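Worksheet for the structure shown next.
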Amino acid sequence: MLAEPQSLPAALERGIPPLTFVHGDEILLVEEVCDLYLTASRQQGYVEREIRFVEGGFSWESLYSDSRAMSLFASRKIIDLRLTALRMEGTASDVLKLLAESDNPDSRVLVRSSEVGRDKQKAAWYRALEKNALVVHVRAVHASRFQPWLVERLRRAEVRLEKDALELLALRVEGNLLAAAQEIERLRLFGHGETITRTMLEEVLEDSSHFNAFAWSDALLQGDAVRAVRVLHGMREEGQGMLGPLYLLVGTLRRLQKGDYLTPAQERLLPAFRRRAGSFDEVLAECALLDLQGKGQIRGDAWDSLISLTLRLCGRPMPDLSSQREWLLKV
């Protein structure tokens, strides 16, 4: 069954299906959809959660047998599966089909994936999911729809902007949803319920311009390790969260992979960045671990890990987080 993100709560009220497949490249929107799913799951008694990453050596057969097993804590559980690369070979598609048809009421599976392109949506495995599972396609917000999206986001946050202030905000965030969400949260705290003028907005934007995720991202693409690390230290000292720059990196990597919506500067810097980064899929897998670390779900200091990744993407030899997986996941 297909469901739009806005209709997901109503669909889940009828019960959590055995398998839910969420795919899209807008990391902010995918996270929000999955948060809705997890909230609904907890309300229906699925309080235990296992997070797994599909990468080299992953056993689909073990996933299926574990989904059939009783929980050690005698509670219902969610298996939260992160696809770090979209490769659906025979065993993977067969197991997903079995999971979608599962009759075990104590276990449910959530799969998060980058966007399944239109050509891959014609594949047998995807058609089988549409028939047997709940599939949520989180579509990108294209340029023509960005300002209406921004207006709705402001309305939900109860932030009021004058027309010229709205135009300035849209120009500042350049269609980046994560940046827009961060600025709206800043405005919500700044505005105290009053209508924000262009002058007031300029003041807020100026205050946030010194250390921000975009300055870090620019330095990262340019291979400027000193500047990139200085920006991260500044953000950390200002009390900003590390998930903002992390999600910006994930979105940028996915755009670079596809060659979508790149600025001329990004196109010029891409070859050198690709040589420094190596496999984008491996970097995305490390970002998934960083996401868990930033949320306190695995061991380690997320800021230190992000700085280490930054240095590596700027061409400095640093260990990758995946090599420490056993220690990170140790309870």
Using only alpha carbon pairs under 8 Å that are at least six residues apart, calculate the relative contact order of the chain and give it in whole percent.
17
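Per the helix-only calculation at 222 nm, which mean residue ellipticity applies to the chain, given -39500 (n - 2.57) for every DSSP H run of n ≥ 4 and division by its residues, nearest 500 deg cm²/dmol?
-17500 deg cm²/dmol
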Mean-square fluctuation maximum in Gaussian network of the chain, Cα pairs under 10 Å, restricted to Val111, Val138, Val95, hits Val95
Three-way shape call for the stretch 1-113 based on the alpha-carbon gyration tensor, with the a/c threshold at 1.5
oblate
What does the net charge come to around Leu306 if you take all other residues with beta carbon closer than 12 Å to its beta carbon, with K and R at +1 and D and E at -1?
-2
Rounded, prolate or oblate (a/c below 1.5 giving rounded, otherwise prolate when a/b exceeds b/c) for the stretch 210-250 by Cα gyration tensor:
oblate
Looking at the square roots a ≥ b ≥ c of the eigenvalues of the Cα gyration tensor of the stretch 213-322, which shape do they give, rounded for a/c under 1.5, prolate if a/b is larger than b/c, or oblate?
prolate
Report, in debye and to the nearest 20, how large the dipole of the chain comes out about its Cα centre when Lys and Arg carry +1 and Asp and Glu carry -1 on their Cβ.
600
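Expressed in nm to one decimal, what extension gain is obtained for the pair Arg188 and Leu311 from 0.36 nm per residue of sequence separation less their Cα-Cα distance?
Stretched fully, the Arg188-Leu311 segment lengthens by 40.9 nm.
So if I place +1 on the C-beta of Lys and Arg and -1 on the C-beta of Asp and Glu, and nothing else carries charge, what would the dipole magnitude of the stretch 2-137 be about its Cα centre? I want it in debye, nearest 20. Write out the running numbers ahead of the final one.
Details: 17 positive and 21 negative charges, 52 e Å.
Roughly 240 debye, rounded to the nearest 20.
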So, counting K/R as plus one and D/E as minus one, what does the shell of residues with Cβ under 14 Å around Glu50 add up to?
+4
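Any read-out appearing in this document is the output of simple, stated calculations on the displayed coordinates, not a laboratory observation. The model shown is predicted, which means the values in this text are computed figures rather than measured ones. Here Cβ is always computed from backbone atoms with ideal geometry, including for glycine, and neighbour counts include all displayed protein chains.
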